[in-house]
Amino acid sequence: MAADYPDIDIAPFIDHALLTPTATPEQVEQWCEEADRFHFAAVCLHPAYVKQAAELLHAKNPKVCTVIGFPTGATTSAVKLYEAQEAVENGATELDVVINLGWLKAGKTEEVHREIAEICEETGQTVKVILETNLLTDAEKNLAAEICMEAGATFLKTSTGWNGGATVADVRLLKEIAKERVGIKASGGIRTVHQALDLILAGATRLGTSCSIDLLRQRDNLGKGG
């Protein structure tokens with residue numbers, strides 16, 4: 001590993017993401033095989049592919065993660081809850097839920113809390129709440145994070161990747177707010193091993209990326225002094 005970075009195995013941090021609109025069942029099979037082979041934390045897929053992934057990863061270590069209310073967060077609470085419950089019935093054990101950003105900005109904090117709390121309580125699974133940090137002020141990030149932690153979220157997640165990606169500054173801010181109470185998932189635009197390592201060193205405990213295999217190759221090159 002290059003002198004600037006400690007020797008960190010990044011694979012266990014990675015949620016191997018396949019969230020393009022054109023994702024196919026064949027790609028899902030590939031992503032699940034890769035997640036198992038490289039010991040990634042999870043695969044992160046659209047809800048339509050949860051059942052397939054759960055069958056492929058049965059009795060294997062990678063978790064099956066899906067997205068709820070993705071990518072806008074603007075579906076109704078009832079729809080989000082149904083989507084989350086159906087995903088769990090189909091085998092998902094991790095749910096990446098987009099908050100209602102309009103509610104947050106309008107000061108409807110009770111509604112934001114109620115929506116996340118209901119999903120946490122009714123599913124009983126790991127909930128990573130997507131804050132979409134690039135669309136929020138620091139004060140709004142702080143408010144959203146506190147609401148979601150109080151509602152029972154297991155992770156605070158930076159981004160969907162549709163409105164900009166994770167930054168070291170946002171990860172540091174969320175880590176400071178979280179004070180070790182929950183995990184921090186950095187997601188969106190993570191394409192280099194230097195980005196990945198910088199985000200981990202800033203406090204990220206998960207990384208959401210579709211470039212997982214390339215990141216491992218880059219890490220190996222770093223180890224060779226490349």
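The values are calculated or read from the model by the stated rules, or taken from the named source; none is laboratory data. Predicted, not measured: the structure shown is a model, and the values here were computed from it. In this analysis, Cβ positions are derived from the backbone assuming ideal geometry, glycine residues included, and neighbour counts consider all displayed protein chains. All accessible areas refer to the heavy atoms of the entire protein, side chains included, with ligands and DNA or RNA removed. Shrake-Rupley method; radii C 1.70, N 1.55, O 1.52, S 1.80 Å.
Among the residues of the range 110-119, is any closer than 25 Å to ASN163 by Cβ and outside any helix (DSSP H, G or I)? Scanning the range 110-119, I find no residue that is closer than 25 Å to ASN163 by Cβ and outside any helix (DSSP H, G or I), so the answer is no. When GLY203, GLY165, GLY189, GLY161 are checked against the criterion of being open to solvent by less than 30 Å² (accessible area, probe 1.4 Å) and under 19 Å from VAL43 (Cα atoms), a single residue qualifies: GLY165. Checking each residue in the range 92-110 for being open to solvent by 60 Å² or more (accessible area, probe 1.4 Å) and either at pLDDT below 95 or more than 14 Å from THR72 (Cβ to Cβ) (or both) picks out ALA106, LYS108, GLU110. Pairing residues of the range 34-45 that are free of Cβ contacts under 8 Å to residues at least 60 places away in the same chain with residues that are part of a helix (DSSP H, G or I), at Cβ distances under 6 Å and at least 6 apart in sequence or on separate chains, gives HIS39/ALA11; VAL43/TRP31; VAL43/CYS32; VAL43/ALA35; VAL43/ALA53; LEU45/ALA53. Looking for something of a type in the set (Ser, Thr, Tyr), open to solvent by less than 10 Å² (accessible area, probe 1.4 Å) and modelled with pLDDT of 95 or more - is there at least one such residue anywhere in the range 119-126? The answer is no; no qualifying residue exists.
Restricting ASP7, ASP15 to those that are out of contact with any helix residue (DSSP H, G or I) (no Cβ under 7 Å at 6 or more places or on another chain), within 20 Å of GLY189 (Cα to Cα) and touching a residue at least 12 places away in the same chain (Cβ under 8 Å) reduces the list to ASP15.
Just a yes or no: is a residue in the range 22-30 under 17 Å from the mean Cα position of the chain (by Cα), farther than 22 Å from MET149 by Cβ and surrounded by fewer than 17 Cβ atoms within 10 Å (Cβ to Cβ)? There is no residue in the range 22-30 that is under 17 Å from the mean Cα position of the chain (by Cα), farther than 22 Å from MET149 by Cβ and surrounded by fewer than 17 Cβ atoms within 10 Å (Cβ to Cβ). Summed over the range 162-194, residues that are touching a strand residue (DSSP E or B) at 6+ places or on another chain (Cβ under 9 Å) and free of Cβ contacts under 8 Å to residues at least 60 places away in the same chain total 18.
Condition check ((1) open to solvent by 50 Å² or more (accessible area, probe 1.4 Å); (2) more than 16 Å from LEU207 (Cβ to Cβ); (3) among the hydroxyl-bearing types (Ser, Thr, Tyr)) across all residues:
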residue: ILE10; (1), (2), (3): no, no, no
residue: GLU33; (1), (2), (3): yes, yes, no
residue: PHE38; (1), (2), (3): yes, no, no
residue: PRO47; (1), (2), (3): no, yes, no
residue: ALA59; (1), (2), (3): yes, yes, no
residue: LYS63; (1), (2), (3): yes, no, no
residue: THR66; (1), (2), (3): no, yes, yes
residue: PRO71; (1), (2), (3): no, yes, no
residue: ALA74; (1), (2), (3): yes, yes, no
